[in-house]
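Taken together, the values in this text are just the output of simple stated rules run on the coordinates, not laboratory data. Predicted, not measured: the structure shown is a model, and the values here were computed from it. Every residue, glycine among them, receives a Cβ derived from its backbone with ideal geometry; neighbour counts consider all protein chains shown.
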Amino acid sequence: MLVPVLISRLLIREMADSQFVTLQEADGPRRFPIAIGLTEAFAIERRLQNAKPLRPQTHDLLDAVIRELGATLERIEITDLESGTFFARLVLDRNGDRIEIDSRPSDALALGAAYRTPILVEEAVLEEASQPGDIEGDAAPGGLIDDEDDDDDAGFA
């Protein structure tokens, strides 16, 4: 069974190797973090804020290719968790045909962030990875994005 989730927090620490995006169960308390790269974290942040770069970045390019080929991104599915690695797929619709494309969750989330594309997680993945808590306890002060570097914990976008 697929469970709807939302991006509840994006933690960006420029001086660290891993950034984190936290997904929160849409109608429940379960949440879990996914470690992502800095480039993908910045792409998610930029696309959530609807910031337009002067030239297309990788996720903008993929978005344009999908649209030019007559398809739409219907949803993102996080399908598996093996040895600490999450697996995802993009579910596209092209003229009524369903197309599934293997993806890293970070790339899928960056692609879907601009349109608030639905994100669904397999129940078994949510059960294995989840940490109980409430949305208020997980949200970054002042908003969704927590830009935190190692020297200054007060930098929020």
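If amide H atoms are built 1.01 Å from N in the plane of the peptide, which residues on other chains or at least 5 residues away come under 5 Å of the amide H of Val3?
So Val3 has HN proximity to Val121, Glu122, Glu123.
Tell me whether the range 2-147 comes out rounded, prolate or oblate; compute the Cα gyration tensor, take square roots of the eigenvalues as a ≥ b ≥ c, and use a/c under 1.5 as the rounded threshold.
It is oblate, given that a/c is not under 1.5 and a/b is not larger than b/c.
Could you list Glu82, Glu77, Glu14 so that the one with the fewest beta carbons within 10 Å of its beta carbon is first and the one with the most is last?
Glu82, Glu14, Glu77
May I ask you to evaluate 6.51 cos²θ - 1.76 cosθ + 1.60, the Karplus curve with θ = phi - 60°, for each residue of the range 107-114 and list the ³J(HN,Hα) values in order in whole Hz, giving x for glycine and proline?
Going residue by residue, I get 5, 4, 5, 5, 5, x, 4, 5 Hz, with x marking Gly and Pro.
Going by average Cβ density within 10 Å per residue, which order do the peptides 28-40, 84-96 take, highest to lowest?
28-40, 84-96
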